Amino acid sequence: MVEFKNVTKIYDGPEGKVAALDKVSLSVQPGEFLAVCGPSGCGKTTLLLTAGGLLRPSDGQMSLDGQDPYVLSPEMRSRLRARMIGFVFQQFHLIPYLTVWQNILAPSLAFPTKEADQRAQELVSRFGLDERAGHVPAQISTGQRQRTALARALLNKPKIILADEPTGNLDEGNANTVLGYLSQYVAEGGCVLLVTHDVRTATHATRSLQMSRGKLVE
Amino acid sequence: MKIWHILAREILHRWLSFTLGTFAVIVAVGSLTGAVTLLKLHDLQTQKILNEKEEETEKKMAVLKDEMRKATLKLKFNLLILPKQQNIRDLHMKGYPSEYMPEEYVTRLANSGIIVVRHFLPSLQQRIKWPEKNRTITLVGARGEVPNLHKDPRKPLVQPVPLGTIVLGYGLHQSLGLEVGDKVKLLGKEFTVHKCYEERGSKDDFTAWIHLSQAQELLDKEGLINAILALECICQGAEGLLEKVREEIRQILPGTQVIEMGTKAIARAEARAKVGQEAKASVERERRHRTQMRSEREFFAAVLVPLVMVACAVWVGLLAFNNVRDRKAEIGIQRAIGFRARQIMFLFLSKFFIMGLLGAFLGIFAGLGLGRWLGLVLEDDMEGIATAGELFIPGLFLLALIIAPVLTVISGWLPTMVAIRQDPADVLREE
């Protein structure tokens, strides 16, 4: 599904060039929940954004469902993201002035489908957000916010979910709930690439990798 | 859900920023509309003032014209048409003309269409001995006025002397003890005294007037006259009057000459005409004053309005930049979940368009109100001319509704470009 072959990403920093990814090779297949663990600044988020078609690698090859997203035009890459990828972030990144219902439906504007409303309703019910559907993010709990973000990520039935510290701001109960939903998604045939610094989170994954200074260690 | 749901929710969420932006457009459109309204008010007020002044001048001129008519009669403001061969020196020496011309001349003049003279008074004058009374008098034969057939008929200035009657100057009727109705003989013919004049202090005091035909008979001058008095010559204005009359009469009656009767009256007529001219000049001065005032206001508006508009455009641009900064994370996540650049652009530019449209609509009315208020402060007596209906300019309204949104979108264009060029990876990494 997602494949990295010797992918390198170098940033130009004030103290010279920094390799956030150093010849990284990995692959995540459908039905797989891969957790990449590592300390802050080791290149986890860069790995995730590169996988999401948002950050062009400096070197190496990356493919998403067999296709290199970086050969596509920005417009086509946006469509590819909307159709195939769901993002979940530590900070939730919900749009503050939209209701829970509207946040969940937002990806349908990028990739419209006839069943978007029905799918959103299913997700609202599945994540226990029925009573909060008309509320804006500021009016709901952090756990509900992350569930909303997860529902948004799942709206277009993506082939992969890229999750960046999805439980970083959650208590243990809510963290387990979110990870449970991700596992359920994998069990239904999806695949998840999750990056975290929390080793406990990685226990929910089917496979985990360690990352250190831009390099992967089994 | 449609994209405009996001647009509407965002406007409501950041209502202060939207209100401030709309306010900037209201100020820009309002200042333009206000300036145009003020100038329109100025024009209406100018028209009103000039109309009033012109009306006043016309009234003044009518009064002057009437006074002139009276003055012309009273002061003998007349012209004397004489045979060409008449020696003017002799005329002044003798006090009456000594040469003759056909009486038919007066008819020719009356039918000629001459425009500067209203009445003609043909006369035959001669100094004679009044044998029955042993007096030397000036005998004037007059048949009354011959009206100019090409002018509006007016009441005659001089009433004719009826046949068989005589009119006597003050010196004559006083010294002879004659009164109206008395019978008196002149050159063997009997006349009834028709009128006795008050003292005039001129040769008229020793003049007797009889009907022209009887004078011609008594003086043996059948079909002849020696003067035509042209009356009410002021009708075309006193300036250059004599020359105009002379020129016209010369063309109609080549065998005559024209002299002026009553310089004092002409001076007065000219003075009166000058008052009329002064009234007209005052209208012209007012017109110039208003035009200058308009130019000053136009200049002020031409400087101020663009400045205000540029300041407002900058203000909208700054608000837009601030909006982009506030929405950095939001734009990042929208790009991450697949929003295309044109969708982000639509969200921003539509907001500026709505801001411009709403601001233009409100700005028009704010400007109308402001312009009207300023007009009332700056101008006197605007009663009846400052109605909103009169001041509303549909063309300007339409123009503002088109131009303001376009300019607002242009003001927000650069920040929008910044928003869509923002790298979502940078934003998400920072967050």
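Observations on the structure shown:
- Test: B:ILE402 is surrounded by fewer than 19 Cβ atoms within 10 Å (Cβ to Cβ) and either under 14 Å from B:ARG327 (Cα atoms) or not charged (D, E, K, R) (or both): yes
- Test: residue in the stretch A:64-81 that is surrounded by fewer than 17 Cβ atoms within 10 Å (Cβ to Cβ) and within 20 Å of A:THR206 (Cβ to Cβ): yes
- Note on the stretch B:29-52: among residues that are in contact (Cβ under 8 Å) with a residue 60 or more places away in the chain and charged (D, E, K, R), the one that is nearest to the other protein chains (Cβ to nearest Cβ) is B:LYS40.
- Number of positions in the stretch B:197-226 that are closer than 29 Å to B:LYS244 by Cα, modelled with pLDDT of 90 or more and not in a loop (DSSP other than H, G, I, E, B): 3
- Matching residues, the stretch A:180-204, being within 18 Å of A:GLN90 (Cα to Cα) and not in a helix (DSSP H, G or I): A:VAL192, A:LEU193, A:LEU194, A:VAL195, A:THR196, A:HIS197, A:ASP198, A:VAL199, A:ARG200
- B:ARG325 vs. criteria basic (Lys, Arg), touching a Ser or Thr at 6+ places or on another chain (Cβ under 7 Å) and surrounded by fewer than 20 Cβ atoms within 10 Å (Cβ to Cβ): no
- Any hit, the stretch A:154-174, residues being part of a helix (DSSP H, G or I), within 24 Å of B:LEU7 (Cα to Cα) and touching a residue at least 12 places away in the same chain (Cβ under 8 Å): yes
- Residue list for the stretch B:300-341, filter: within 14 Å of chain A (Cβ to nearest Cβ) and β-branched (Val, Ile, Thr): B:ILE331, B:ILE333, B:ILE337
- Hey, A:LEU123 away from chain B (no Cβ under 12 Å), part of a helix (DSSP H, G or I) and either modelled with pLDDT under 95 or closer than 22 Å to A:GLY53 by Cα (or both) or not: yes
- Neighbours by Cβ (under 6 Å, 6+ apart or cross-chain): first from the stretch A:54-82, facing chain B (nearest Cβ under 8 Å); second charged (D, E, K, R) and not in a helix (DSSP H, G or I): A:GLU75/B:ARG340; A:SER78/B:ARG340
- Residue in the stretch B:18-28 that is crowded, with 16+ Cβ neighbours inside 10 Å and either within 14 Å of another protein chain (Cβ to nearest Cβ) or acidic (Asp, Glu) (or both) present: yes
- Qualifying positions in the stretch B:101-143 - buried (at least 17 other Cβ atoms within 10 Å of the Cβ) and in a loop (DSSP other than H, G, I, E, B): B:GLU103, B:SER112, B:ILE114, B:VAL116, B:VAL117, B:ARG118, B:ARG143
- Residues being more than 14 Å from chain A (Cβ to nearest Cβ), at pLDDT below 90 and in contact with a Ser or Thr (Cβ under 9 Å, 6 or more places away or on another chain) - total across the stretch B:401-431: 0
- Filter pass, B:ARG288 being modelled with pLDDT of 90 or more and away from chain A (no Cβ under 14 Å): yes
- A:LEU154 vs. criteria under 27 Å from A:GLY41 (Cα atoms), within 14 Å of the chain's Cα centre (by Cα) and more than 9 Å from chain B (Cβ to nearest Cβ): no
The values are calculated or read from the model by the stated rules, or taken from the named source; none is laboratory data. For clarity, every value in this text was computed on a predicted model and none was experimentally measured. Cβ coordinates were reconstructed from backbone atoms using ideal geometry, including for glycine residues, and neighbour counts include every protein chain displayed.
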